[in-house]
Structure formats: structure tokens, C-alpha cells
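Here's the structure, in C-alpha cells; my notes come after.
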Amino acid sequence: MLKQLDPLLNPDILYALSAMGHGDELVICDANFPADSVARATTLGRLLRMDGADSARAVRAVLSLLPLDTFVEAPAMRMEVVGDPNALPIVQREAQAEVDAAEGRAVPFAPIERHAFYARARKAYCVIATGEQRGYGCFIFAKGVILAPDAPSGGATERGQ
């Protein structure tokens, strides 16, 4: 065990979070998502797992270390509900609360149509499968940067500033 590290962040996930660069994307998905086949197409090329966690808990763990990108319009994305793209299931509202808490501000999820979500997920850096059994517990996050106190921000507001 390490101090102040979420116990869900196993060595493989810690490696992936550290290895990702600014703008790389990470997928957190539910148990229904075709995680293994999608993960094989990602940069990492293999599936990462958080089997005992639901989506919101996994989002909290990942965002305890991963800064969201402030240079893009939508650093947090969600899979749209088929047939009702404006619907926000409870699983997505729970994850939204974790995103907002981690960022200390509202960072609304941008919706992505289901098949477009799959295509984007294949281009991600990695996929983390959770034990979430509720549908639509699938999210994509873009990694941001943590700037030194004297670095120019380029108009962006980063975590810790």
C-alpha cells in the first residue's frame, strides 16, 4: 500500500496514467462494453481492469491523479443513450458529480453517439473496464497538464492554479 493513493489504482493503471501525455484519452467503461477487443486497438494495446468498482468510483480514483485537459472544449465525454441522446442515466449523473468534485468546477460531459464512442475509444491511449453493471457507464477523458507556477498557461486554467 502507498500513502494517499486510491487502492483501486493498481500498478498497471498507475503506469498508464503516468505514461499518457497531454491530450491522450482514457476510457472508463462498464461491464457491457466490448472492452477487450477495443483495448487491443488502443496505444497501450491491452485491457486494464477495476472489476470491483462501479463507474463513479473508478472515475473518482482516476481523476484523483489525472488532470483534465483545459485546452479542449470537451475533456470529459459520455456515451449517449441509444434513442434518447439527451437522457442522463443515474450512472452518468453519479460520474458527473465525481468529475465536478475532482475539478472543483462544473465540467459537463459531452455526449458521443454509441458507434462514434466505440470508434473514438479504439484511438484512446487505454481502456479501463469496471464492474459497473448498469448500462451507459462509459466515459472518455482527455489528459491535461500540470503547469509549473511560473509557466505561461496559454489562457487555460489548470488544476492547482
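Computed from the coordinates by the stated procedures, all read-outs in this text should not be read as laboratory data. If you're wondering where the values come from, they're calculated on a predicted model, not measured in any experiment. We place every Cβ from the backbone using ideal geometry, glycine too, and count neighbours over all the protein chains shown.
What whole-number volume per residue, in cubic angstrom, does the convex hull of the C-alpha atoms of segment 81-142 give?
Roughly 96 Å³ of hull volume per residue.
Got a sec? How would Phe141, Phe71 order by Cβ neighbour count within 10 Å, fewest to most?
By the 10 Å Cβ count, ascending: Phe71, Phe141.
Fewest to most neighbouring Cβ within 10 Å: what's the order for Lys143, Lys123?
Lys123, Lys143
Which of Ser37, Gln92, Tyr15 sits closest to the plus end of the dipole of segment 1-110, meaning its Cα is farthest towards the positive end, when Lys and Arg get +1 and Asp and Glu get -1 on the C-beta?
Tyr15
Of Val59, Val81, how do they rank once you tally other Cβ atoms within 10 Å and put the fewest first?
Val81, Val59
From the Cα trace of segment 9-139, what convex hull volume per residue do you get, rounded to a whole Å³?
In segment 9-139, the Cα convex hull volume per residue is 94 Å³.
Please compute the modelled spin-label separation between Arg105 and Ser18, points set 7 Å along Cα→Cβ, answer in nm with one decimal.
Output for this residue pair reads 2.9 nm.
Out of the GluC sites (Glu not before Pro) in segment 27-104, which ones are loop residues according to DSSP with at most 12 other C-beta atoms within 10 Å?
Answer in residue order: Glu73.
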